[in-house]
Structures are given as C-alpha cells and as structure tokens.
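Okay, structure first, notes after.
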Amino acid sequence: MLPSSDIHGPKVCIACWGHVPAADIKPLPPALVNRAETGGCRRWRENPFLGILAAPGQRLAGPERHPNPHQGQAIMLKRTLLLAGVAASLALVAPVSASESTLNRIKQSGTLKLGYRENSVPFSFTGDDRQPRGYTVDLCRIVADDIGKQLNVPKLDVRWVPVTAQSRFAALKSGEIDLECGNTTQTISRRADFDFSLMTFVDGAGLLFREGEVPTTVESLKGQRVAVVAGTTTETTLDQMIKAGKLGMLLIRVPDHDAAIKALTDKTATAYAADRTVLVTTALIRGKGQPFALAEMQFSYEPYGLMMRRDDDLRLAVDRTLARLYRSGEIGPIVKRWFEPFGKPGDALQAMFLLNGLPE
C-alpha cells in the first residue's frame, strides 16, 4: 500500500516537511480555523523604432526650400502623418510597464496593488472578516511597509485585488496588480515573462484521498479520477507524467481548491492533487470533518516566490525585505503563526531561509 498519513479533525501527522512525531502535533490555531486576525517593469530600454524619428544630430524638418511650395507642404503633411502613426502604434503595443518603472508609478499614485488568492490556505486566502490572510499575505504586508518607507510615502494606499490561478498572470501584465502574493511556483518558463522574488517557501505536489482509499501501488492509480486546479504547476506536471505513460489517472480540472476538495468529498473525484501543504490545510478547514489520507508520494518540487512584472528596482526592493526577514530571524514568528500545527519546519525550509538570507 502506498504510505499515507491520516488527517483527523484538527490534527495532522504529516505535512510537506515529512513525518512529525505525534507529540509535536498541535491543534490548528484559531487564525486558520476561524480565519480571524493574525498577530514598469524594467526601465524602458532604447526602442529601435525611435530611430525612425531621429538619429542623433539628424534633422526631422527636411529641405528648407521646395521648387513647388505645395509639394513641400504635401511632403511635410505625409511626414507628420507618418510620425503620428508611429507614435500611436507605440502607444498601443507598449505594455503597461514600458513607460516607467513600477516604483515610480507607485510613488506618483500613492497606491500599491497586491494580488491575493481567495482560498489558497494557509498562504493566501480570504478571512471571515473578508480581509486577505495568510503566510504570503503577511510577507507582502511587510514588503508594502518597506516600499512606503523607501519611496517616502508614509500613507501608502495598499489595495488588495483577488486573483485566481488562471487570472494572476494577466492581472500583472495589464497592471491590475503590481505584486502577486499567493503560492505561485517559480519556473523557467514563467521567468521568461515575469520577475520573481527570492524564494518564500518550498513544497511538493501530492495526492489526497478519502480515508481507507489510498491505492496499494502506483499502478493502482490507473483510471483514478483526480481533481486538480487548472493553471497550476501541479496540473502541468501531472499532464506531462500522463503523456509520458508514468501515470494512468484521469484529470478533472476545477477552478480552485474549494472545488477540488468538494469533488473529493462528494466522490466526483477519487483523489485531489495539489501542493502538500495546501492539501493538508484545505482538508482541515474545508473538509467538513471528514477523514482523509495524504499519500506520501511527492511528484514535484515547488519553489514559491512573489511574482511581479519584469522590473529590476521593484524586485530588489522586495528581495531586500525578504532577505532581512530571513537573515534576522524575523521570519520565525510568521512561520509559526501559519504552520505550527505541522511541527517544526524541516531541513529543506530552514536551508531555504539560510541560503536566501543574503547580506545587505
């Protein structure tokens, strides 16, 4: 039988950090049970299109005299229309971040727009008071305070914008948000389009089953219906493994983690796939007291980071805050607040904080 750990009521005996001795397991804190209060881009580089307008030292006016004055006016009119057309095309195709840096826009507007997930417990979710809560949300609140100080904007207006696994990327590109504060995995393909902060967490994808229904072998997963949130790296990884013939499961794509646990609870799905920490906390909070079993199989590596548009200055500001938290140990109480039920963080997470606590 595939190794598993049971999840009953308010206690768990395994999370992504590995086995936790029963004596170290603690009840889920009220912050999670009740979800109550807890304690552009890069600067615009020289655009080749601008060479059409004027090279250094080159005139735009054309000849000073024309044999036919009307001909000269026609030439000037054509040039004016051409320049207007080029300028309009540049305005249409330029991304939101092309005109100026994100920090400049934040300083001018006095507003920082942070994206958060509504049900990615314990990282980013909506509390009973309808306010953003979670581990990553706490990190972003500290980042926002530091950015306000850096920009000398004492009353920075921090606006929280809900995003989904599917909409978070477009929200950044359109300028709807400046920084995404969820549980987004850094990948090489995503780095081609976005900047990421220093790592904020490490996890791995796994499978959650109803108690007593964990398959006996990996081969027994064949034909199993597995719920997975669309647009996540878990979906991508499972897709690749299925196409490679390593897994024979059938994927049921759902919009969010609430829908995934519901599919498992009402037996629409036989398993629920996601990052292991999300599986445990979702089962505890949204599982309505039903017992589940978390298979020990881990089939991916998920290094989380705060995602933003490509912007060297903003990334440096975010990294400076995170590095200070890791280096000083201030990250400790934040981790304890959200992950204490799972026991002491394992070596992987502690090493992540150590390696990312860069000196100033």
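Values in this text are rule-based calculations from the coordinates and carry no lab data. All values derive from a computational prediction rather than experimental measurement. Methodologically, a virtual Cβ is constructed for each residue, glycine included, from the backbone with ideal geometry; neighbour enumeration extends over all protein chains shown.
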(request) Multiply the residue gap between Arg327 and Leu250 by 0.36 nm, knock off their C-alpha separation, and tell me the result in nm, one decimal place. (result) 23.3 nm
(message) Using the Karplus curve 6.51 cos²θ - 1.76 cosθ + 1.60 with θ = phi - 60°, what ³J(HN,Hα) values do you get for each residue of region 175-181, in whole Hz, with x for Gly and Pro?
(response) x, 5, 9, 9, 8, 9, 10
(request) Can you pull the one-decimal nm distance between simple spin-label points at Gln290 and Ala351, each 7 Å off the Cα toward Cβ? (result) 3.7 nm
(request) Using the Cα centre as the reference, give the magnitude of the dipole from point charges on the C-beta atoms of region 211-360 (Lys, Arg: +1; Asp, Glu: -1; all else neutral), rounded to the nearest 20 debye. (result) 180 debye
(request) Run the numbers on region 205-295 and let me know its relative contact order in percent, using alpha-carbon pairs under 8 Å that are six or more apart. (result) 46 percent
(message) Using the Cα atoms of region 205-295, I'd like the radius of gyration and the largest Cα-Cα distance, Dmax, both in angstrom.
(response) 11.9, 37
(message) For region 201-360, compute Rg over Rh where Rg is the Cα radius of gyration and Rh is the Kirkwood radius from the inverse mean 1/r over Cα pairs.
(response) 1.03
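Could you size up the charge dipole of region 262-303 around its Cα centre, putting +1 on the beta carbon of Lys and Arg and -1 on that of Asp and Glu, and report it in debye to the nearest 20?
Once rounded to the nearest 20, the dipole reads 240 debye.
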(message) Of Gly182, Gly148, Met199, which is farthest towards the positive pole of region 119-223's charge dipole, taken about the Cα centre with +1 and -1 on the beta-carbons of Lys, Arg and Asp, Glu respectively?
(response) Gly148
(request) Mind giving me the nanometre distance, one decimal, between the label points for Gln240 and Gln150, set 7 Å out from Cα along Cα→Cβ? (result) 3.2 nm
